[in-house]
Amino acid sequence: MKVLITGATSGIGRQLVADYLTAGDTVIACGRNPEKLAALVAELGTHGCEQRLTTLSFDVTNHAATINALQPVTEVDCAILNAGVCEYIDQPSDITGALFKRVFDANYFGVVHCIEGLLPQLKPGSRLVLVDSMARLFPFTRAEAYASSKAAVHYLSNTLKIDLAPQGIQVTSVSPGFVKTPLTDVNDFEMPMRVSVHEASRAIRSGIAKGKQQIYFPRLFGWVLRMLNKLPLAWQITLSKRMKKDT
Ligand SMILES: NC(=O)c1ccc[n+]([C@@H]2O[C@H](COP(=O)([O-])OP(=O)(O)OC[C@H]3O[C@@H](n4cnc5c(N)ncnc54)[C@H](OP(=O)(O)O)[C@@H]3O)[C@@H](O)[C@H]2O)c1
């Protein structure tokens, strides 16, 4: 299988690159930092993997750069659009267009740019995988920008599941709970049921192999959040306020 992975230089994306290579797959690792991509190749592109690992360097927020970089890509079986950033709203003065734009540029428009660049190259039977977050399921305080960008990505995947079906392109959405990566290492709050990148990669790869439309992990956390999501909004808000007071 030929797999393209964005956000390949760190955390979940990096582990996916390592695991797909180990499984014998061909990987196109995408990142915005050429030095980090070179380090990735030095570490993972050895022991017979040399021919199966290539890299593409582009910033997903840059429309033209993304389209140009993806244009020569051919015959991708699976594209995992995983690149993303997180910024929290620590105080009301953080609610600025600039902050929301930074987050949406990377998390939402980055995904849209990649889809635009990849669609002409995707053949019937190939799969698009969009990484959102379980944060979209509950009104977590401070997560206004991050979780709304991920809710937008989730909506996008659900509609693409319908609109790309006639082309034979399947779409999977991935909603992780907390995963130990540089993105969460900076968090100053408790992260229940946080899993390792190994567990995250296993859950994503297994869900993709089974052709799932929707992947949640860890399972129990996903179940709890989906239950919370079904509560009346007033209860969700009361609960979230209580969580805020306890931190
Ligand atoms: N960790 C969690 O608990 C968690 C939970 C739910 C969802 N997620 C989602 O999972 C995905 C991966 O997160 P992670 O935890 O593995 O984070 P990470 O370790 O910070 O990795 C993020 C990756 O995205 C890349 N990236 C960021 N902005 C980019 C841009 N403008 N252009 C190109 N690449 C860009 C980063 O590149 P650099 O290396 O150059 O920074 C890095 O490779 C994200 O979409 C995140 O929102 C994570």
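Nothing in this text is a laboratory measurement; each read-out follows from the coordinates by a stated rule. In this text the structure is predicted, and so the values were computed from the model without any measurement. Every residue, glycine among them, receives a Cβ derived from its backbone with ideal geometry; neighbour counts consider all protein chains shown.
When the Gaussian network model of the chain links Cα atoms closer than 10 Å, the mean-square fluctuations of 178, 104, 189 top out at 189.
Seen from residue 14, the other residues with C-beta closer than 12 Å to its C-beta sum to a net charge of -1, counting Lys and Arg as +1 and Asp and Glu as -1. Calculated mean residue ellipticity at 222 nm for the chain: -13500 deg cm²/dmol, from DSSP H runs with n ≥ 4 weighted as -39500 (n - 2.57), summed, divided by the residue count and rounded to 500. Is the shape of the chain best called rounded, prolate or oblate, per the rule: a/c under 1.5 gives rounded, else a/b larger than b/c gives prolate, else oblate, with a ≥ b ≥ c the square roots of the Cα gyration tensor eigenvalues? Taking the square roots of the gyration eigenvalues as a ≥ b ≥ c, the chain is prolate.
For residue 241, the lysines whose Cα falls under 20 Å of its own Cα, not counting residues fewer than eight places away in the same chain, are 230. Based on C-alpha pairs under 8 angstrom that are at least 6 apart in sequence, the chain has a relative contact order of 18 percent.
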